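Presented below is the structure to which this report refers.
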Amino acid sequence: MSAVLPAGGADTLNDAQQKSEGVWHAAWRRFKTDRVGFWSMVVVLAFIALIALAAIGVVAKSWQDEVGVPNAPPTLMGPAPPQATSAVERPTGPNVDLSDIDPLAPRYKEWDEKARQFQTAETAKRETLPFGADRLGRDVLAKAIKGTEISVFVGVMAALAATGLGTLLGAAGGFFGGKVGDFLEWLYNVFESIPNILLIFAFAAVVGRGVQSVVLILALTGWTGMYRQVRAEFIKHRGREYVRAAEAIGASSGSRMFRHILPNVSHVILVRLGLLVVGFIKAEVILSYLGLGVRVDQVSWGTMLAEAQSELILGHWWQLATATLFMAVFVTAFSMMADAWRDALDPKLRGLE
């Protein structure tokens, strides 16, 4: 025996299903309608896949190998014109033993063989590469891919760490207030009173160089902006009706903070996260450029830009252009993706549906 729905029952059921739709599911549904944001996410995921392949050695494994002649131009430019070289020829004489006269005479044949081997190896190197070669003959494209692994890893991991720290402290300070809020405000003011660049240099001098060190430095110096915004949002939301209703039905403080308030301020966190990723990638570039970032046996966009400085004077611009292109594409795509997620999670825009 089938149940009979009252008039308008189907519409009521659909409305109930829409109201029960989760916050993240609804945000994903809205995000997919933003073509720019969606394709920006595709670009970011492509970079992440490239980073994973570089990490396991599938691509850019031999980025340190000298596969081309020094400063080989990009393929579109063609090989560089041959340079005239002058060779010093050893005078030849009668086939006699000169060992008694010249003690180095027995080594001449060995040196000639090594010179021929060196010339053969130099000839085997490629005169042009897809994105050119650096001053040592290393493939600029392979360096850019390997540099993407380190620069993006540093930027994303440092931003996530700073976001987690700033969100946790901001949520505690804004929700509880009182002595907890006063202590966190004091801690925030201590970090804000020191110029950020000096704080970064101070931490860099203490913890040293390396990828993990750069992540730690940027996370410890970059959480304050996130803390300030999250604290303000939690102060604004803690007295609203939906939070009081959750408290009335027995929801704990942690549940109200992270299950009720946090999803409604996530759009603010995402905006700040996008800014932190972009800012931290630039900070890594600056630190590596100044010699305070990654180690000398590693490569990042910052080390590539530092090397390109001397090459640019000689007219070899391709390493600078390649590092800049990779950085610009990733930073732009990540920023647009973060903006699209911000719009999808914004409660004000959800209310307009």
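The values are calculated or read from the model by the stated rules, or taken from the named source; none is laboratory data. Only a predicted model underlies this, so the values are computations on that prediction, with no experimental measurement involved. Positions of Cβ are generated from backbone atoms using ideal geometry, with glycine treated the same way; all protein chains shown enter the neighbour counts.
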| query | Can you tell me how many residues in segment 18-36 are assigned to a helix (DSSP H, G or I), modelled with pLDDT under 90 and under 21 Å from VAL331 (Cβ atoms)? | reply | 1
| So which residues in segment 212-248 are over 20 Å from GLY170 (Cβ atoms) and small (Gly, Ala, Ser)? | SER213, ALA245, ALA248
| note | Of GLY170, GLY147, GLY166, the only residue that is in a helix (DSSP H, G or I) and farther than 24 Å from VAL268 by Cβ is GLY147
| query | Which residue out of GLY57, GLY68, GLY78 is at pLDDT 85 or above and loosely packed, with under 12 Cβ neighbours inside 10 Å? | reply | GLY57
| surrounded by fewer than 21 Cβ atoms within 10 Å (Cβ to Cβ), in contact (Cβ under 8 Å) with a residue 12 or more places away in the chain and within 28 Å of ALA338 (Cβ to Cβ): does that describe LEU276? | no
| Filter result (charged (D, E, K, R) and at pLDDT below 80) within segment 180-235 | ARG209
| remark: Across segment 283-328, the tally of residues that are within 14 Å of ILE150 (Cβ to Cβ) and either buried (at least 23 other Cβ atoms within 10 Å of the Cβ) or within 14 Å of the chain's Cα centre (by Cα) (or both) stands at 16
| query | Within the group ARG116, ARG90, ARG135, which residue is of a type outside the set (S, T, N, Q), surrounded by 11 or more Cβ atoms within 10 Å (Cβ to Cβ) and either at pLDDT below 65 or part of a loop (DSSP other than H, G, I, E, B) (or both)? | reply | ARG135
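The rows are residues; the columns are (1) among the charged types (D, E, K, R); (2) over 23 Å from HIS25 (Cβ atoms).
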site: ILE217; (1), (2): no, yes
site: LEU220; (1), (2): no, yes
site: THR224; (1), (2): no, yes
site: GLY239; (1), (2): no, yes
site: TYR242; (1), (2): no, no
site: GLU247; (1), (2): yes, yes
site: SER253; (1), (2): no, yes
site: MET257; (1), (2): no, no
site: LEU270; (1), (2): no, no
| said: Need pairs with beta-carbon distance below 6 Å; first residue among the acidic types (Asp, Glu) and within segment 61-81, second surrounded by fewer than 18 Cβ atoms within 10 Å (Cβ to Cβ) and assigned to a loop (DSSP other than H, G, I, E, B); sequence gap 6+ or separate chains. | reply: GLU66/LEU136
| query | What number goes with the only condition from (1) surrounded by fewer than 21 Cβ atoms within 10 Å (Cβ to Cβ); (2) in contact (Cβ under 8 Å) with a residue 60 or more places away in the chain; (3) more than 22 Å from LEU184 (Cβ to Cβ) that ASN264 does not pass? | reply | (3)
